[in-house]
Structure formats: structure tokens, C-alpha cells
């Protein structure tokens, strides 16, 4: 426990060091500072409004959890669960706010560093991305240990912490995703397609909103998403270990070992991530992609070595070491697969770019086909890791494999989070009129950032599936602990089959609501940008300034309205099914949602990223470059892909985790009050 706490504190101290080093950097000229300030204020305003909508719901749910014992239902849910639930949401909000604050202070400094050379710009942007990665794992682990100590490891209290983090993550991801893609689509369709002006042109009123969206969606939203996965993988392992030990009457020494193992691995993962980040900062490569890949590989190797000695130290069988390795390796393979299908360095995106010569419809169809094909290897690898985990350590081994996958989240999230900062830096360089060579440097960083973002999304979805699987195993184990031999799952049971069908439908229905939300926001943004071009004299000629605040306000209000219904459905669905149809049907629902959600998430994320990078590949000069018919077709494909990769895919992975953790927290209640 002390080792894990020290690791978490060390992560926060490194974040403080990185933040101070970034703030000391030159901020650029007055115009760069002004644009950065607009982005920073817009991001803060959105998060404040988002939290003001979410936290009343958090407190309402906490009150319900607190009063359950008053109705004579003694299932362990009480004020402790409620306090932990609120604390989990609070920790997630603090981590997301910290990450967003550092990122919005780094974008203009990255643009200014690009005036020197690529390595300096990479150093600033990656340092800011690293602050996101380390703040997420640091706050998550410290918060978990606080709850564990205060409530003495009480399972329902610890599970409540995970549920709070999950709830905030869903709204942060869904709201941020709708905001950023609604603004992005509006900016692209009016600016690049209708007015034929460059991306990030200051005459386009939606450009600032697009840059704000990068921060609230791909920094704060992504951070909340992976904080949730990180916490839940550890808690699922703790819950299963607790149930197994109590069922079999293990000794106190064995009980403490089952508790300490995931915490030791998490702490070792943080230290390995810090060393990997230091390696990227102090030994930069001429290629940003190579530099960051080397940092990830170093962290993975260090974590594997540390895990071997941890397993030996706690007197476990060596099989549990291999479960961690299998989880870690499967996570890396999922990332590599996303890179292969979404990077312009490889065949799928290059062929997708060529298809743009035939028009936008062909680009979209082929882009969807790329995403569908990309589901094969990740699903097989996750299945492999599940089998290794089960045969080496039973259900506990399966949950431990998810800890292995997420153990070096500190650096994998750093690699992903640097992308939005590089993207913002390029926008600031364009809008402030910096020399073309500066934009060339930021574009190189952004191109790598698109690939790392795709890798990060693939990793996030894969880890979400593993975390949800661990939570599902914990749910089944908890139900069995309360009901003994009465609870069993069989595919011949109509209750289980009904639950699988219901669960399989939910990710698609939620995806539909999210896509419609993006469309509504984009329509309003498009109308506003068109209005400004028509009504503001001299705007297109560059003689007047666009009103970016109105677009930020439109995107904010539209995103907040659109995220409510999907969030409420995800919260209510497991409660309704568990109470009225019983724990077996709920187990089926979780299985169905996990199965379709995993495939849908990978498909949408990789389809969108492939279409985005196909467009960027053409913009680099392939097939004639910007302004060609192929380029215009690729812009349409990119616009279709945007909500797929940045709204639907990321939100679906939170959906499957949130339903699983709600089911785990309320499992005793479903057994007592459940239906047939």
C-alpha cells in the first residue's frame, strides 16, 4: 500500500515539475497569446458548465445509495458507498481539469518552440501530454488508496469509487466528443469545402471552437475515460480476490497478497512510465514516432521485469506473471493494429487515399471497410489474453491481465495526449501568421499525433473491454457469494439469452443518439459560420474578425443537451434490468453489451482515423495535394469519420464499463430485490 501511494505521489510531483517547465517556456507573440487565451477560456468554460450539469446528478445518486438501508434492505450499500461514489467523480474531475489546464498552456508554447526546431516542439508538446498521463494514474491510484484506507477495504465502498469515476467519464467523453466534432464538422464543411479557405484560418468563426474541442474531448475526456479503466481494472481484481479468499478461507497472509498484487503492479507501472517519459525527453530521436515508441517499449520491459519479482516476492505461482505479460502484450498489439490501419505509412490508408479519386462515396465505403477489417486482430488478441489469464489464474487471472494491460497507462496516455496539443499549436501558427516552416513542423507533429491518437483510442477500447470483463467476473463472483449454488449461467436459459440481445442493442442505440447530437451541433455551427460570412463586412477578405465566442457557446450548449439522454439510459438500463428481470438477465445484458461494444468501438474509431489520415496524406502532396477533386472527396470522408473516431468509439467503451460497474455495486440489491 505504501509503495503504491508513494508511486502515485511521485507521479503528481513529476506532473508539477513538467507543468513548471512548460510555463517557463516562451509564450510567443501577442497574437499567439491572445488565441491561446481564447482556447483556454473556452475549454474552462465548457468544463465548468459540464461539471455543473453532472455533479447534481452525482449527488442525487449518492443520496439514493445512502437511503437504501432505511427501507430495510441490508445489502451493504450505505453512506460509505455514497461518499466513495462522490469522491470517485471528484477525483476524475480534478485529474481531467489538471490535464486540460496544462495542455491549454502548452499549445502556444509548442508553436513558439517550433520556430527553433522539431525536437524542441516535441519536447514541449510531449511534456504536456506526459502531464496528462501521469496526472491520471497518480490521482486515480492515490484516490483509491485513500478510499481503501478510510473504509478498511470494504468492497462496496471501493466499488463506489469506481462507479463515480465511470459516471463522470461517460459525460466527459460524450459531451466533449459531441462538442469537438460538431465544431470540427462545421468548420471544415463551410471553411474548406464551401469557402475554399485553409484549415485553421482565423476568418472561420468555428476554428477556435474546434481547438477548444480538442482539449475538452481528447485531453480531459480521454483522461477521464482511461482513469476509469485504470481504476476499474484494479478494483475488479481486488473484488474477485476478496470474494475468492472469503469463499475458500485463505490465511490472512494469502488475503493480503491477493490485495497487494494489483497495487504493487500499478505502482511499478507508474515508475516504469516515468522512466519511459524521461527517456523520450532526454534522448529524443529525429523521428517523433520512433522516440515515443522507444519510451513505451522501455516502460513495458521495465514493468515485465518488476512484475516477475513482485510475483515471486508475494509467493504466487509464476502463472500470474504470465497473465500480466499477456495483458500488457495484447494491449501493445491492439495499439500496433490501430497504427497499421490508420497510419499513412501503411497500405490501408494509402489505398484509401487512392480511392478518393473516385469520389466521396467510395472513400466513405472503403473507410468503413478498413474499420471493419481492423477488428480482427484486437479481438483475437484479447481472447488470447483472456484464455491465458483464466488458465493461469482463474477469474482472478483474467482480471489481473487487465491490470497488466493498463499498468503503463502513464506513458501510453502521454503518447496519445500530446496529439491535441500539437494540433492546437498548428492552428495557432496558422492563425497568427507564423512562417511556413513553423507550420510544417507542427504538421509533422500533428501527423504523428493522429497516429498516436488512433493507437490511444484502440488501446482505450481494448482496455475498456478488459476492464469490463474483469468487472463482469467480479459481478458474477459477488452474486455467487450472496446466493451460493443458486446462481448459474447457461446459454439454454431464456433469461440469459434475452439479456444478451438487450445488451447487444444498447451500444448501437447510444451510438445513434451521440451521432444525432453531433449532427445537431454541426448544423447550428454551419448556420452560424455561414451567417458571419454573409453579414460581417470584409470577413472573407480578412478585414474583419470572426465572432468565435458565439460558436463556442453554440457547441457548449448543444453538447451538454445532447449528452444527457445517453448518460441517463446507460445509468438506468442495468438498474431496471437487474431489479425487474433479475441478476441472470443482467449478466446476459453485460455480456451482449461487451461483445458488440468492443467490436463497434474498434470499428468506428479506426474507420474515422483512417479517413482522417487519408485526407492528411493527400494534403501532404499525394495525388496532387490540396484543392484537387481527390482532396475534396477526402474532406467529405474525414467529416463522416470525425464523429466515428472522436465521439462514438470513445463513448462506447465507457458505456460497457459503466454498466458493468453499476451492476457490480448494486449486485447484492439485485439478488435481494431482483425479478424472476
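Compared with the rule-of-thumb size 2.2 N^0.38 Å for a compact globular protein, the stretch 73-144 has a Cα radius of gyration ratio of 1.63.
Can you give me the angle between helix 319-342 and the longest principal axis of the chain, using Cα atoms only, in degrees from 0 to 90, rounded to the nearest 10? Tilt of helix 319-342: around 20 degrees.
Determine, for each peptide in 118-127, 371-380, 520-529, 19-28, the mean count of other beta carbons within 10 angstrom over its residues, then list the peptides with the highest first.
Those peptides, ordered most packed to least, come out 118-127, 520-529, 371-380, 19-28.
The distance between label points at residue 312 and residue 67 comes to 5.7 nm (points 7 Å beyond Cα on the Cα→Cβ vector). The length gained on full extension between residue 505 and residue 116, counted as 0.36 nm times the residue separation minus their Cα-Cα distance, comes to 134.8 nm. Were the residues from residue 37 through residue 287 laid out at 0.36 nm apart, the gain over their Cα-Cα distance would be 87.0 nm. Label separation (residue 540 vs residue 628): 2.7 nm, computed from points 7 Å beyond Cα along the C-beta direction.
Can you tell me the orientation of helix 155-187 relative to the chain, as the angle in degrees between its alpha-carbon axis and the longest Cα principal axis, to the nearest 10? Around 20 degrees separate the two axes. The stretch 2-673 gives an Rg/Rh value of 0.97, both radii derived from C-alpha positions and Rh following Kirkwood. The angle separating the long axis of helix 436-483 from the principal Cα axis of greatest extent in the chain is about 20 degrees.
Only helices enter this figure: runs of n ≥ 4 DSSP H residues, each worth -39500 (n - 2.57), summed and divided by the residues of the chain, yield -29500 deg cm²/dmol at 222 nm to the nearest 500. The calculated FRET efficiency for residue 59 paired with residue 489, based on their beta-carbon distance and R0 = 45 Å, is about 0.80. Here the simple spin-label model places points 7 Å from the Cα toward Cβ, and for residue 497 and residue 2 these points are separated by 5.7 nm. Each peptide in 81-90, 536-545 gets a packing score, the mean of other Cβ atoms within 10 Å over its residues, and the list from highest to lowest is 81-90, 536-545. Applying 0.36 nm per residue to the separation of residue 549 and residue 512 and subtracting their alpha-carbon distance, the gain on full extension is 10.5 nm.
All of the numbers you see were taken from the coordinates with simple rules; none came from a lab. Computed from a prediction, not measured in an experiment: that's the story for all the values here. No Cβ is skipped: glycine too gets one built from the backbone with ideal geometry, and neighbour counts run over all protein chains shown.
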